[in-house]
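Here's the structure, in C-alpha cells; my notes come after.
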C-alpha cells in the first residue's frame, strides 16, 4: 500500500519504512488528517521510521510509568521509550522511541503485527492511536502546544474551547452544532492548542474521537474557554484567573512521569489562561437557544 502520512495539530508525521516490508492497513478516522492546516513555518516535520527486524534499546531499569495493564514507559536522556504488551499476546505488540527535541519517532513492530514473515513481510500499520497520541503529547511540549480533553466549537468565526473529562457534557453540547452550515465542531473529545510563531493561540481538531464522533482537521483562533456545569437553568459566569488552573488541569494531557515536559506544559498553560477569557456555563442537556448562549459569552468579553 502507498504510505499515508499523518498530520495532527500541525505535526506532520512523515511515515517511512526503515526496512523492506509491506505495510498494510488504512488508519480509521484519519481520512481528513493527511495535510497540515498550518502554514509551512508553523508545521513541524516529524519523521516516523518503522522497523520490523531491528530491536529497540529499552532501558534496563524500572519503568517510570506503567498503566498496570499493557503499557510501560521509560524516560531517558531526551528520549521516551514505550512498550505495549497486551495480555492476549505472548510477545509485545510494539515498542517505540520518541525523541521530542529532534523531533523523531521510531516504531519497532512486535511479532503480533507481522502477518507473514517472508522475504517481504506483511505488517499491520502500527502508527495510529496510541503511538501518535503519545508522540504528539511529548513533542508539543517543546513547541508551545498541548492536548486538551475538550470539545472545540467554531461559531461565527469565534473559537470556543469546552474542556472537561468524560461525562462533563462535551459530546452532548457538541451535538447542538452538528450538521450546521454556520458552525463547526473541530472535535468533541480531544483538541490541540498551539501558539504560533505569530504569538497567536489556535485550537485544532484531532482524529481521536469522542461519543459524538466529530472531528475535522481545521484550526481556528482560540477566543473563549468555557467550563460546562450541569444545571436546570442557564447561567454564564466569568471566572477569575486565579481560580482557573485547578479546573483546567484534569483536562490536560500531561506526562507527569516526565518532569521536564511537565514544567514546560504548565508554563504554557499559564500563558493560555492569562490571554484567554474564561467562563462557566450552567445549562441543561437539551438547549433550545444555543445561539443566544454563544452570543452572550461573546458579549461578556466585549
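Throughout, read-outs are computed from the coordinates displayed, never taken from laboratory work. Small disclaimer: the values here were computed from a predicted structure and weren't measured. Every residue, glycine as well, gets a Cβ built from its backbone with ideal geometry; the counts of neighbours run over all protein chains shown.
Annotations
- Ranked by how many other Cβ atoms sit within 10 Å of their own Cβ, fewest first, the residues 138, 176 fall in the order 176, 138.
- Among 274, 203, 265, the residue with the largest mean-square fluctuation in a Gaussian network model of the chain, with springs joining Cα atoms closer than 10 Å, is 274.
- Estimated distance in nm for a label pair at residue 230 and residue 257, the labels positioned 7 Å out from Cα along Cα-to-Cβ: 3.3
- Here's the picture: a label point sits 7 Å out from the Cα of residue 275 along the beta-carbon direction, and within segment 198-231 the residues with their amide nitrogen under 16 Å of it are 198-204, 219-225.
- The length gained on full extension between residue 287 and residue 77, counted as 0.36 nm times the residue separation minus their Cα-Cα distance, comes to 70.6 nm.
- Of the residues 88, 270, 251, the one that moves most in a GNM of the chain with alpha-carbon contacts below 10 Å is 88.
- Cα point-scatterer Debye curve for the chain, base-10 log of I(q)/I(0) at q = 0.09, 0.13, 0.14, 0.15 Å⁻¹: -0.47, -0.93, -1.05, -1.17
- Percent RCO, i.e. relative contact order, over segment 198-302, from Cα pairs under 8 Å lying at least 6 residues apart: 35
- For segment 225-280 versus segment 135-210, the gap between their alpha-carbon centres in whole angstrom: 13
- Normalised contact order of the chain, rounded percent, pairs of Cα under 8 Å and 6 or more residues apart: 15
- Residue with peak Gaussian network fluctuation, the chain [Cα springs, cutoff 10 Å], from 225, 11, 266: 266
- Compared with the dominant principal axis of the Cα atoms in the chain, helix 131-140 is inclined by about 60°.
- Difference of contour (0.36 nm per residue) and Cα-Cα distance, residue 243 to residue 17: 76.6 nm
- In the chain, the calculated helix contribution to ellipticity at 222 nm averages -4500 deg cm²/dmol per residue, counting -39,500 (n - 2.57) for every DSSP H run with n ≥ 4.
- Rg and Dmax of segment 145-301, both derived from C-alpha coordinates alone, stand at 14.7, 46 Å.
- The convex hull defined by the C-alpha atoms of segment 44-182 has an orientation-averaged projected area of 12.0 nm².
- Helix 259-275 axis versus longest C-alpha principal axis of the chain: approximately 20°, rounded to the nearest ten.
- Compared with the dominant Cα axis of the chain, that is its longest principal axis, helix 290-301 is turned about 80°.
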